[in-house]
Amino acid sequence: MNYLSLTIFAFSMIFSNPQREDAGIVKKELLGPHDGSEVYLFTLKNKAGNILKLTNYGARIVGVEIPDKNGKMDNVVLGSYDLESILRGSFGGATVGRYANRIADGKFTLDGVEYNLPVNNKPNTLHGGNRGWHTKVWNAELINKKNKPAVRFTYVSPDMEEGFPGTIHMEVVFTWTNKNEVIIAYTASTDKKSVINVTNHAYFNLHGAGTGDIFDHEMTLNASEYTPIDATQIPTGEIRPVKGTPFDFTSARTFGSRVGDTYEGSVFSGYDHNFVLDNKEKVDAVVYDPVSGRMLEMITDQPAMQLYTGNGLIYKNQPETGGRQFRSRSGFCLESQHYPDSPNQPGFPSTVIVPGKKFKSSTIYRFSVKK
């Protein structure tokens, strides 16, 4: 072939394969169709060769591949890289909305109008309903910033979707830095007064996904208060000090240190609770695995964080990573958020969004190794 023929051949090879697209250190691969749209897997690689994997189904994190103290690489997020398993993953790794966490009795009142929502966590609405944002195929755009690969996901949530008023234009940008930081930046706008509470629902296991439970992980949390809940996991409205309770992580304590203790007349079985962040320190939460040496720091501008220790994390058809199944207590979530049930709790910070004023928020998950 002459030079011109080689050039034409090279270009035809690049543009004739719709299954895969490379943009420097961001790679895009087609996983398959779902609900009339195409689902992709995005691989972001930083300077050290560590990897963040995302998908536009639910705008979710499905993998963070980082080394342990001995240099062994593993995925520390409970997620999968094939479409069938991702679709079985429920909330795992997803961008959750329109209202993350619970709304009591599946209803709230705004400006005198009562809005009724689907009840998917009896008797409450959980994470935006059965067809919340975690079930949507988002639009996606590769962003190849200098040394900061990123993907922008966008979704338009129509007026009265899952019972919520207003058309919400939602944008989530995931950036993977050379400091092993997942930077999640949220932006939302509305054409009608509404409520919004958005978070990421990634399950982490610093041993490696599917490798044992997380009871030996140590957490330090800059939260001196939490919101007690009733039997249906709705806040009572009280904001209570953590001192003297199983919720005191103001100094390092393992997730399993209080599980099995008797608290308020019953056996304490694990965490699915909202903590009021002090927002005084730069880092809000630190989780450390003494076995692998891996450490995760969370930094957020949100007023609260839901700690979930995977108490019910068993699937009928469990997604797998490398043949390892995800069982109960095999992952934890640090869900930056507003308080649960805020639309029904006037004493809590407001989650109202209005036309002409954008909702903006960011959360950082930073990974490192402590030798």
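Where in segment 84-158 are the strands (runs of 3 or more DSSP E), entirely inside, with at least 2 residues that are among the charged types (D, E, K, R)?
On the way: elements: 107-110, 113-116, 139-145, 148-157.
The strands (runs of 3 or more DSSP E) meeting that bar are 139-145, 148-157.
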Within segment 10-26, does at least one residue satisfy the condition of being surrounded by 15 or more Cβ atoms within 10 Å (Cβ to Cβ), part of a strand (DSSP E or B) and at pLDDT 95 or above?
no
Is there any pair with a first residue in segment 339-356 that is in a loop (DSSP other than H, G, I, E, B) and a second that is charged (D, E, K, R) and buried (at least 21 other Cβ atoms within 10 Å of the Cβ) whose Cβ atoms are under 8 Å apart and which are 6 or more apart or on different chains, and what are they?
PRO340/ARG102; ASP341/ARG102; PHE348/ASP341
Scan segment 49-83 for residues that are among the aliphatic types (A, V, I, L, M) and not in a helix (DSSP H, G or I) and jot them down.
ILE51, LEU52, LEU54, ALA59, ILE61, VAL62, VAL64, ILE66, MET73, VAL76, VAL77, LEU78
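Any residue at all in segment 202-210 that's over 23 Å from VAL96 (Cβ atoms), in a loop (DSSP other than H, G, I, E, B), at pLDDT 95 or above and touching a Ser or Thr at 6+ places or on another chain (Cβ under 8 Å)?
Taking segment 202-210 and keeping what is over 23 Å from VAL96 (Cβ atoms), we get 207-208.
If we keep only those that are in a loop (DSSP other than H, G, I, E, B) too, we end up with 207-208.
Among the residues that remain, those that are also at pLDDT 95 or above are: 207.
Of the ones still in play, those that are also touching a Ser or Thr at 6+ places or on another chain (Cβ under 8 Å) are 207.
Scanning segment 202-210, I find at least one residue that is over 23 Å from VAL96 (Cβ atoms), in a loop (DSSP other than H, G, I, E, B), at pLDDT 95 or above and touching a Ser or Thr at 6+ places or on another chain (Cβ under 8 Å), so the answer is yes.
Taking the residues in segment 216-232 that are in a loop (DSSP other than H, G, I, E, B) and either within 20 Å of the chain's Cα centre (by Cα) or small (Gly, Ala, Ser) (or both) as candidates, determine which candidate is surrounded by the most Cβ atoms within 10 Å (Cβ to Cβ). Walk me through how you get there before you give the answer.
Just the residues of segment 216-232 that are in a loop (DSSP other than H, G, I, E, B), to begin with: 216-217, 222-224, 227-228, 230-232.
If we keep only those that are either within 20 Å of the chain's Cα centre (by Cα) or small (Gly, Ala, Ser) (or both) as well, we get 217, 222-224, 231.
Values: HIS217: 24, ASN222: 19, ALA223: 21, SER224: 16, ALA231: 5.
Among those that are in a loop (DSSP other than H, G, I, E, B) and either within 20 Å of the chain's Cα centre (by Cα) or small (Gly, Ala, Ser) (or both), it is HIS217.
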In segment 246-278, residue surrounded by the most Cβ atoms within 10 Å (Cβ to Cβ) [restricted to those that are at pLDDT below 95 and over 22 Å from GLY331 (Cα atoms)]
TYR263
Pick from segment 357-371 the residues that are modelled with pLDDT of 95 or more and assigned to a loop (DSSP other than H, G, I, E, B): which of them is surrounded by the most Cβ atoms within 10 Å (Cβ to Cβ)?
LYS358
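Given the condition more than 26 Å from THR211 (Cβ to Cβ) and in contact (Cβ under 8 Å) with a residue 60 or more places away in the chain, answer yes or no: does some residue in segment 69-87 qualify?
There is no residue in segment 69-87 that is more than 26 Å from THR211 (Cβ to Cβ) and in contact (Cβ under 8 Å) with a residue 60 or more places away in the chain.
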Tell me which of these THR211 doesn't satisfy, since it passes every other one: (1) within 21 Å of the chain's Cα centre (by Cα); (2) crowded, with 20+ Cβ neighbours inside 10 Å.
(2)
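Among the residues of segment 279-325, count how many are outside any loop (DSSP other than H, G, I, E, B) and at pLDDT 90 or above. Step through it out loud before you land on a result.
Keep residues of segment 279-325 that are outside any loop (DSSP other than H, G, I, E, B), which gives 285-288, 294-300, 304-308, 320-321, 324-325.
So of that shortlist, the ones also at pLDDT 90 or above come out as 285-288, 294-300, 304-308.
Final tally of qualifying residues: 16.
The values are calculated or read from the model by the stated rules, or taken from the named source; none is laboratory data. Keep in mind that this is a model prediction, so the values were computed, not measured. Neighbour counts are summed over all protein chains in view; Cβ atoms, including those assigned to glycine, are modelled from backbone coordinates with ideal geometry.
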